[in-house]
Amino acid sequence: MSSIQWPSPSPGRLFSALRTGAAAGVGRWARRRQGLDPATTRLRPGRVYILPTGVGIVFGIMAFAMLLGSMNYNNNLSFVLTFILIGIGFVSMHQCQRNLVGLELTFAGTEPVFAGQTMRFGIAVTNHSKNARYGIRLYREGIESDIQDLHPGESKVFVLAVPTEQRGLITLDRFGIRTFFPFELFRSWAWLHMDISALVFPRPAERPPEPPPTMVAHGHRQHDARGEEDFAGLRKYHEGDSPRHVAWKAYARSGQLLSKQFAGADTSSQWFNFDDIPVDDVEQRLSILTRWVVDADRTREDYGLRLPGEEFAPAHGEAHRRACLEALALFEKGTT
Amino acid sequence: MMVRPRGTDGSLLSSLPWTIAALAVSAAPHLPYLPIWISAALFGCSIWRYLIERRRRALPSIWLRALLALACFLGVLATYSTISGVGPGSALLAIMAALKFLETRKRRDQFVLLFISIFLVMSSLLREQYLWSLPYLIVSTIVIMTAWLRMSAAQDETARQSFATGGRLLLYAAPLAVAMWIFFPRIAIPFWAVPMDTGTATTGISDSMSPGDVSKLSLSDAVAFRVKFDDTIPAARDRYWRGLVLTVFNGRTWSMNDPFEGPRVHETVSEQGDPVRYQVTLEPTHQPYVFALDMPWSWTLERTFMGPQQQLVNARPIDQRVAYEAVSYLDFSTNADLSNYARSWYQRLPDASNPRTQSLAKDMRSAAGSDAAYIEAVLRKFNTEEYFYTLEPPPLGNNSVDRFLFDTRRGFCEHYASAFAVMMRAADIPARIVLGYQGGEINSMAGHLIVRQSDAHAWNEVWLERHGWYRIDPTAAVAPERIDLGASNAAFEGFGAAWGLSAPSEFLHQLSMTFDALDAKWNDWVLGYGPDKQTDVMEWLGMRDPDWQKMILTMIGLVLGLIALISLLLALRYRPPAKDAAAVLFQRFIKKTGLEQGIGETAERFAHRAMQTGTLPADAVESVTAAYHDARYGPVDDDSAIARLKRAVGAIG
């Protein structure tokens, strides 16, 4: 179901600015206090924070009003009702905090996306205890995951869908886990700082110029009796080579994967050259290159990529595509 | 202007029925007091809202809702002409809930409905408190909490889970509530005046009396008050509970005199004999009258004063159950010298009314010779002539006393008291009527006296020269058993026996006495837990000179302690599972070898590697591995393998 938006009492501009500032300060404090979390982190009680929600504050005011009423009327049964409600308030505070303590969070991976798409960070949350945890959700400024229950021993992946704008590395430097269980009177939460980052490829250009023409190099054909091209030698196996060309006999002998090379095979290839694109803007050039790479990959033709200071020889396959896109994503951004 | 979407998507289907249930439970005690159209509105709007959700329809438009709201508000104003007090307040709450249903779009909107239901439960407790009020409030709290959990639960959570969670949290909260309830200091004086509740019907004795108007006396078994005597309980014929005094007769109705008009000089009372000490727990009457054994001498109820005719009146209506101690003297005399004004006041009769009675009285008085002989004669007339005691007398028209004395000759205490007083006044003897209770039933199990509404009684006081006011009960002359057995039993003797009915069985009687004893204890200890009782309890618990600071501190300490305990319980409940003993022991063994277990390396392979390094004797390693395997993969309840493993690991230096 849709997530319940919580609780922002009608923010004026100044108020929201103060709020953002305070949140940033508290965030830095929590980061200093907790340090960087390992990829698998179990929530200790000391790092699960708790505050009343708007509903909780109204509930408290109501309980206080009921207490005054009971005192005024000297009515012992309405005292009972009032004290039960106050007691439930106290209990739900502890229950709310315990609903998070002991949960184990593990980074469950992510897939690279193109800029403008949504980066889906998966975080697995495991409940090792013998009791269910209710109404758990993950969040990051303005983003909230689905709300899920975790039954005893259960592990579920929560997805934080972060929108991306720019190519490069996107880091999930901070995210939170929170719950309002049981009565939404309190919000308890924990901040996590894991070393999580993912790659955002450049946004593929929508109307790219024509890619450079395909160069078909016709080899000198010397068919042998079986109609195959001339065997020219062996080279080290590359990912994407056809299994038909693997020298299985050689593998059996040496344990090393080698591919047969044939002279005279048709080699059609495209070269995508950064410098040849008639556009000034670097980002646009990268965008266009990205589009070409993606399109060429679909046709399963060989293509090569030439960036200033970096070159990928014509090839095809997932590894090649990935290497090219990575280079485009991180171009002039450094790869630390 | 932004138009809020009014469509529904069925997302409230899991929580809406529970919210409706919570409101139904909390509104139920109000139904007898609410105007029927408000109950109908609440019922109708909740069902309407549910059907809208079911069929994914749109909510009614803002104009329709505003119109309904205005109509309802005007309706409440027209019904109550005010909006303060428990009656109009709960009516407004119910109406607000009904209207809120129609604009509940998101799950969160139901918070308002649940807050309203909490307030409805609270106001029903302010209205009345019974033995079943506590179970009721617990049940309604559970329903409200379940509805609350339904509202915020994930969609796949079942209602049973919500119910279990609500019940568990209530269980945790219970000791906290009890501790706060016992120790929270009770204060005697309210902060602000409790608003007069005009919507509540008064019970018990009315402040005027028109014999023959209502031709049937209600035989309500409701408890008027309970009395605990310090010593022995006086005999039934001595238990006259004085209430109010009627002095004005208009030919048909007896009423109290205006306090600024009638006799205002207090009569002097002289008491003789031993005082009777007792405690009264008076049920709320919404009237200011306070009852005490005739003749009251002292009482502990605040703001209660004695009127000029020795009637006790509180400054405010008794809207809540009150307890007070009182001392009375059964043997007393009033030595009032009646002023001429007072004497003429108590002799006043409307000239034209009841002519037959007036002439009869004059004849009898002159025949009797003295006032005392005349009184004797009138009582003898009631006793010997054909007068009957009945709780269902025929109606009387104008000149009701004439009709009663000469024609119908049937009636209960009011008829006889009224007729007697008219007879006296017609003969120029000052007379008045006292309303109160007579008798009461002894609950031997609890050791107290129960006085019920059906024990309501009317009797007379006449003023005799040199003697003062003198109590005369003309009903006793007609039906002595009424005084000795009580009103309902007396009526039963007369009619029940004639129809072949037997008195209620002994078992049922025992049952009702048990319930009464329980009810009294409940009133005494729970509903009546006030400043005095709290001080007693604190002293009993060992607190020296209890005051509110000490109680508050004790309460805070207890609450903090209990919260720590609950926190510990929750921590245990949510703790990660313990590692199994075999794994722990094997880890200890690994540590002793000085090696590290590789990822995915089984115990057997590790043992093999440990043996190869040769740091430990091979047989020791082997026995550890064998015991470990037995403990891990043998029968679950086999503890000997664990013991063997422990020994084997321990044997390694």
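The values are calculated or read from the model by the stated rules, or taken from the named source; none is laboratory data. Every value quoted in this text rests on a predicted model; they were computed, and no experiment measured them. Reconstructed Cβ throughout: ideal geometry from the backbone, glycine too, with neighbour counts over all protein chains shown.
Collect the residues in the range A:132-166 that are in a loop (DSSP other than H, G, I, E, B) and either touching a Phe, Trp or Tyr at 6+ places or on another chain (Cβ under 6 Å) or of a type in the set (Gly, Ala, Ser) (or both), keeping them in residue-number order.
If we filter the range A:132-166 for residues that are in a loop (DSSP other than H, G, I, E, B), which is where we start, we get A:132, A:141-142, A:145-147, A:151-154, A:164-166.
A:132, A:142, A:145, A:153, listed by residue number.
Would the range A:90-101 turn up any residue that is within 14 Å of another protein chain (Cβ to nearest Cβ), farther than 30 Å from residue B:117 by Cβ, among the hydrophobic types (A, V, I, L, M, F, W, C) and touching a residue at least 12 places away in the same chain (Cβ under 8 Å)? Step through it out loud before you land on a result.
Of the residues in the range A:90-101, the ones within 14 Å of another protein chain (Cβ to nearest Cβ) are A:90-101.
Next cut, farther than 30 Å from residue B:117 by Cβ only: A:101.
With the extra rule that they be among the hydrophobic types (A, V, I, L, M, F, W, C), the set shrinks to A:101.
Among the residues that remain, those that are also touching a residue at least 12 places away in the same chain (Cβ under 8 Å) are: A:101.
Yes, because at least one residue in the range A:90-101 is within 14 Å of another protein chain (Cβ to nearest Cβ), farther than 30 Å from residue B:117 by Cβ, among the hydrophobic types (A, V, I, L, M, F, W, C) and touching a residue at least 12 places away in the same chain (Cβ under 8 Å).
I'm checking my understanding of the structure. Among residues of the range B:564-583 that are at pLDDT 80 or above and of a type in the set (A, V, I, L, M, F, W, C), which one is surrounded by the most Cβ atoms within 10 Å (Cβ to Cβ)?
This residue is B:566.
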Which one is surrounded by the most Cβ atoms within 10 Å (Cβ to Cβ), of the residues in the range A:114-130 that are more than 7 Å from chain B (Cβ to nearest Cβ) and more than 22 Å from residue A:192 (Cβ to Cβ)? A:115
If residue B:445 meets every condition in (1) surrounded by fewer than 22 Cβ atoms within 10 Å (Cβ to Cβ); (2) of a type in the set (A, V, I, L, M, F, W, C); (3) without any contact (Cβ under 8 Å) to a residue 60 or more places away in the chain apart from one, which number is that one? (3)
In the range A:38-54, residue farthest from residue A:90 (Cα to Cα) [restricted to those that are away from every other protein chain (no Cβ under 14 Å) and of a type in the set (A, V, I, L, M)]: A:39
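Considering the range A:102-113 alone, what residues qualify as being on the phi < 0 side of the Ramachandran plot, at the interface with chain B (Cβ under 10 Å from one of its Cβ atoms) and not charged (D, E, K, R)? Can you show your working first?
To start, the set of residues in the range A:102-113 that are on the phi < 0 side of the Ramachandran plot comprises A:103-108, A:110-113.
After this cut, where a residue has to be at the interface with chain B (Cβ under 10 Å from one of its Cβ atoms) as well, the list is A:103-104.
Hit for the range A:102-113 is A:103, nothing else.
When you look at residue B:324, is it assigned by TED's automatic domain parsing to the domain that holds residue B:349, aromatic (Phe, Trp, Tyr) and over 27 Å from residue B:414 (Cα atoms), yes or no? Reasoning before the result, please.
Numbers: assigned by TED's automatic domain parsing to the domain that holds residue B:349: yes; aromatic (Phe, Trp, Tyr): yes; over 27 Å from residue B:414 (Cα atoms): yes.
Against the criterion (assigned by TED's automatic domain parsing to the domain that holds residue B:349, aromatic (Phe, Trp, Tyr) and over 27 Å from residue B:414 (Cα atoms)), residue B:324 qualifies.
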Considering only the range A:170-216, how many residues are touching a residue at least 40 places away in the same chain (Cβ under 8 Å), part of a strand (DSSP E or B), more than 30 Å from residue A:282 (Cα to Cα) and away from chain B (no Cβ under 14 Å)? 7
Flag for residue B:303 being in the same structural domain as residue B:448 (by TED's automatic domain parsing), in contact with a strand residue (DSSP E or B) (Cβ under 7 Å, 6 or more places away or on another chain) and not polar (S, T, N, Q): yes
Of the candidates B:40, B:71, B:78, B:66, the one satisfying the condition of being more than 21 Å from residue B:140 (Cβ to Cβ), modelled with pLDDT under 85 and in a helix (DSSP H, G or I) is B:78
Looking at residue A:182 and the list (1) assigned by TED's automatic domain parsing to the domain that holds residue A:91; (2) closer than 20 Å to residue A:326 by Cβ; (3) surrounded by 18 or more Cβ atoms within 10 Å (Cβ to Cβ), which single condition is not satisfied? (2)
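Of all residues in the range B:156-169, how many are part of a helix (DSSP H, G or I) and more than 7 Å from chain A (Cβ to nearest Cβ)?
Filtering the range B:156-169 down to residues part of a helix (DSSP H, G or I) leaves B:159-169.
Next, only the ones that are more than 7 Å from chain A (Cβ to nearest Cβ) stay: B:159-164, B:166-168.
Result for the range B:156-169: 9.
Enumerate the helices (runs of 4 or more DSSP H) found wholly within the range B:81-155, keeping only those where 2 or more residues are farther than 21 Å from residue A:59 by Cα and in contact (Cβ under 8 Å) with a residue 24 or more places away in the chain. Spell out how you get there, then give the answer.
Details: elements: B:86-102, B:110-127, B:133-152.
Qualifying helices (runs of 4 or more DSSP H): B:86-102, B:133-152.
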Considering only the range B:522-534, state which residues are more than 12 Å from the chain's Cα centre (by Cα), outside any loop (DSSP other than H, G, I, E, B) and surrounded by 13 or more Cβ atoms within 10 Å (Cβ to Cβ). B:531, B:532, B:533, B:534
